[in-house]
Amino acid sequence: MPLRKVPLPRILLDNVSCMRNAQQILRHVNVSVHDGGALVLMGSNGSGKTTFLRMLAGFSKPSAGQILWNGHDITNSGVFQQYKLQLNWLSLKDAIQDRFNVLENILWFELLEGKQGKSLPALELMGLGRLAKEKTRMLSMGQRKRLQLARLLAIDRPIWLMDEPSVALDDEGVKLLEYIIAEHRKQGGIVFVATHLPIKIEDAMYLRLPPRFPRRMTLVDMLDRADIT
């Protein structure tokens, strides 16, 4: 009987280290994430969670090791052009345009993706259906976060990178967040979540980042501060 071939992880962090402001925040991390997987990054403010997500998004490179997608290094320009089309980024900067109404804020991104028909259902799922024609400047912070999540659903890409997705959400909003993450994973989607607040994500892997301390002063810093006359 032939041996069953083990599938490659969709995303592999191979001995990855990461620097920020001349200080190491990750050292020799090895993580395999398959379709339907979830990795939760825990840590206090300033511990490097967003830096880690930016590295996963290809905005910065590991200081050591490599990040592989389908077995290929994402820092390769040809690979990255394909990889970035798999990513859905939810950041603390909501990218909501106040000159558009609620629905238009999603339709615009859906149009860019060449997709249609998911904007309004996504708003309704996130409890914003009745506000579809309202100007976004009228939304509360929690409603703006729900709008971000609705946009995530409408764009419908397989890999979610979520930076503090529960911030500003009420208890009902957090439950909706947990629900859409679970449903996305059931369909084979992958989720990376950076948070300092508890979010229920079944069978997730957890990576806790230690608190960072001010970096050591370098010779350049000392020269900059010196009172040279």
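The values are calculated or read from the model by the stated rules, or taken from the named source; none is laboratory data. Because the structure is predicted, anything quoted here is derived from the model rather than measured. In this analysis, Cβ positions are derived from the backbone assuming ideal geometry, glycine residues included, and neighbour counts consider all displayed protein chains. To get the accessible areas, we keep the full protein, side chains included, count just its heavy atoms, and leave off ligands, DNA and RNA. Shrake-Rupley method; radii C 1.70, N 1.55, O 1.52, S 1.80 Å.
Which one is farthest from residue 183 (Cα to Cα), of the residues in the stretch 140-169 that are open to solvent by 20 Å² or more (accessible area, probe 1.4 Å) and in a loop (DSSP other than H, G, I, E, B)?
140
Looking at the stretch 79-97, is at least one residue basic (Lys, Arg) and within 15 Å of the chain's Cα centre (by Cα)?
Yes, the stretch 79-97 has at least one match.
For the stretch 72-121, name all the residues that are over 19 Å from residue 189 (Cα atoms) and β-branched (Val, Ile, Thr).
Of everything in the stretch 72-121, those that are over 19 Å from residue 189 (Cα atoms) and β-branched (Val, Ile, Thr) turn out to be 75, 79, 96, 102, 106.
So residue 185 passes all but one of these: (1) within 23 Å of residue 144 (Cβ to Cβ); (2) part of a helix (DSSP H, G or I). Which condition number does it fail?
Only one criterion is unmet by residue 185, namely (1).
Between a residue in the stretch 185-208 that is in contact (Cβ under 8 Å) with a residue 60 or more places away in the chain and any residue that is exposed (fewer than 12 other Cβ atoms within 10 Å of the Cβ) and not basic (Lys, Arg), which pairs come within a Cβ distance under 8 Å, given they are 6 or more apart or on different chains?
Going by the 8 Å Cβ cut-off, the qualifying pairs are 196/45.
Can you give me the ranges of the strands (runs of 3 or more DSSP E) entirely in the stretch 13-127 with at least 2 residues that are open to solvent by 40 Å² or more (accessible area, probe 1.4 Å)? Let's see the steps before the verdict.
Numbers: elements: 23-33, 38-42, 64-69, 87-90.
Of the strands (runs of 3 or more DSSP E) lying wholly inside the stretch 13-127, those with at least 2 residues that are open to solvent by 40 Å² or more (accessible area, probe 1.4 Å) span 23-33, 64-69.
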